[in-house]
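This report refers to the structure that appears directly beneath it.
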Amino acid sequence: MSGRSTSRSLAGIVVAAGKGLRAGQPMPKQFALFRGKPVVRHSVEALLASGASPVIVVIPENAEEIAGAALNGLAGDIRLVAGGATRQDSVRAGLEALSRHSPDFVMIHDAARPLLRAGVIERLCSALEQHPAAIPVLPVVDSLAHAEGSMMGAPARRDALRRVQTPQAFHFGSIMKAHQEWTGPTDAGDDAQVAQAAGLTVALVEGDEALHKLTYSSDFPTEAPAIRVGTGYDVHRLAEGEELWLCGVRIDHTQGLAGHSDADVAIHALVDALLGAIGAGDIGQHFPPSDSQWRRASSDRFLQHAAGLITQAGYRIGNIDLTIICEAPKIGPHRETMRVRLAEILGIPSDLISVKATTTEKLGFTGRSEGIAAQAVTSLIKN
C-alpha cells in the first residue's frame, strides 16, 4: 500500500484455524465463499497490498490443500502454518513462524473479518510509531445494562466502552515476549489483553463498521438477487434459397438466413440474453449445431426452453429490448407482429418487449447485405 508512510517492516498473521461451525457453511467459514472469493483471501489480499511481508496464515491441521486453493494465484510471501487447540495457541504458532524475520511491526487479524480496508491499517501503523500496541475500536451505540439473571440490573456507561476489532497491531518483539510470558487463562480473549497483561500500553484507533465478524449463516447471503440482467448477440449469413425468420415471424424477402436451425438471428440473440441472465451458458450449449435433431428446428423451441429455465430459477421477465441490425428487409412494418409473436412464445405481455431496427450506414457485412445481426438485453425479476 503506497499510502503507508512508515519505513518500518511489517508482517501479518491471519488466524484461520477455527472450525467456524456456527456459520452453517459446508466447510470451515474461513474457506467459504464471501462476495465472490474465499473469506480468508480477502484479508490476505489486504495485508499484502499494505506491504506486509511475509503474511502467515494459520490454518487447521491437514488443511493445506483447501487453504492453498483459497489463496492460489496471490503474489507475495504467504506461508501456511498449522494452528493449535486455541486461538492463542494459533497466534503463538504464527508469531514463532515470524521469529527468524523479526519484523518491526506485526498485525494479527481474524480471517472472519474479511473486509479490511487500507485506512484501518494506516491508522494502526501510525499509532505504532508512538505506542507498542494499537487496536481498532468502534463506539457502542446501544444502551447497555447489567443482567441479574433474567432481570435488568444497573445501567452500564456506554461512553466508556468500545467494540474491539482486528487487526491488532504490535511491535513484534513486545507481543512475542508477552505471549511467551502469558500466565492467564488458557485462551486469552484477544492479543490486546495479552499485551496489556504484559504491561504494554494499547492505543485505540478508529475502526471500521465493514470489519464485521462473520459468525452466523445469515452473514453469508445466499438469496438470489432481486434483479438480473443478460445480454445476447448473434449473426447469420444471408443466402439464396433460404427462408427469412425474425422474432418467430416469416418475412418475404429475396434471401433468407442460413444456419443449422431456422437461423432466426433475433430469437437466438434473445435466448443468449435470457440464459446469460441466470448464468445458464449459451444457446450452443443447450442446442449444439452438431446435433442433427436441431436441423431446421424452429427457434421458438429454443426460446420456450430458455423461458422454462427462468421460471425454474425463480424469476420472471422484466423487459426485453431487442435490436435487429440490417439494411433490408425493412423491420418497421413487421415490428408489432414480432412483438406479439415473442410475447406469445414467452407468455408475457407484449408491452414488456421492444423490437427496434437500425442499419450500419452501408458499413461492414450488414451494410453490404451479407448478413443480419441482432443484439438483445433482458432484465429478470425475482418471483
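Site pair SER102 and ASN72 shows an inter-label distance of 3.9 nm when each label is modelled 7 Å from Cα along Cα→Cβ.
Please work out the Cα center distance from the range 79-157 to the range 235-308, rounded to the nearest Å. Using only Cα atoms to place each centre, the spacing works out to 58 Å.
Give the shape of the range 189-301 as rounded, prolate or oblate, defined through the alpha-carbon gyration tensor: a ≥ b ≥ c are the square roots of its eigenvalues, a/c under 1.5 means rounded, and otherwise the shape is prolate if a/b is larger than b/c and oblate if not.
Prolate, because a/c is 1.5 or more and a/b exceeds b/c.
How large is the translational diffusion coefficient of the range 10-219 in µm² per second when you combine the Kirkwood radius over alpha carbon pairs with Stokes-Einstein at 25 °C and 0.890 mPa s?
Here the translational diffusion coefficient equals 139 µm²/s.
Shown is the FRET efficiency for ASP351 and SER290, computed with R0 = 41 Å from the Cβ-Cβ distance and rounded to the nearest 0.05: 0.60. Look at the alpha carbon pairs under 8 Å that are at least 6 residues apart: their mean separation over the length of the range 191-277 gives a relative contact order of 27 percent. Distance between the C-alpha centres of the range 325-383 and the range 205-222: 46 Å, rounded to the whole angstrom.
Would you mind checking LYS29/LYS213; LYS37/LYS382; LYS330/LYS362; LYS37/LYS213 for any pair whose Cα atoms are more than 18 angstrom apart? Violating the 18 Å limit, Cα to Cα: LYS37/LYS382. For the listed peptides 72-81, 369-378, a ranking on the average number of other beta carbons within 10 Å per residue, highest first, reads 369-378, 72-81. By the scheme Lys and Arg +1, Asp and Glu -1, what is the net charge of all other residues having a beta-carbon under 10 Å from that of GLY232? Local net charge: -3. Using R0 = 30 Å, the C-beta based FRET efficiency linking SER217 and SER53 works out to 0.30. Once both axes come from the Cα atoms, what is the angle between helix 39-49 and the longest principal axis of the chain, in degrees from 0 to 90, rounded to 10? Tilt of helix 39-49: around 70 degrees.
What number in nm² do you get for the range 154-254 if you take the convex hull of its Cα atoms and divide its surface by four? Working shown, then result.
Numbers: hull surface 67.5 nm².
In nm², the orientation-averaged hull projection of the range 154-254 is 16.9.
Computed extension length for ASN319-TYR233: 29.3 nm, one decimal, from 0.36 nm per residue of separation with the Cα-Cα distance subtracted.
Over the range 227-382, what relative contact order in percent results from Cα pairs under 8 Å that are six or more residues apart?
On the way: 353 pairs, mean separation 51.7, N = 156.
In percent, rounded to a whole number, it is 33.
Here the Kirkwood formula puts the hydrodynamic radius of the range 211-263 at 15.5 Å, using every distinct Cα pair.
Our helix-only sum for the chain, with -39,500 (n - 2.57) per DSSP H run of n ≥ 4 divided by its residues, gives a mean residue ellipticity at 222 nm of -8000 deg cm²/dmol. Angle of helix 300-312 to the longest C-alpha principal axis of the chain, folded into 0 to 90 degrees and rounded to 10: 30°. Largest GNM mean-square fluctuation across ALA147, ALA239, ALA70, computed for the chain with C-alpha springs under 10 Å, falls on ALA147. Before anything else, pin down the relative contact order of the chain: Cα pairs under 8 Å, at least 6 apart, normalised by residue count, whole percent. RCO, the chain: 14 percent.
A short reminder: the numbers here are calculations on the coordinates, not readings from a lab. Because the structure is a prediction, the values reported are computed rather than measured. We place every Cβ from the backbone using ideal geometry, glycine too, and count neighbours over all the protein chains shown.
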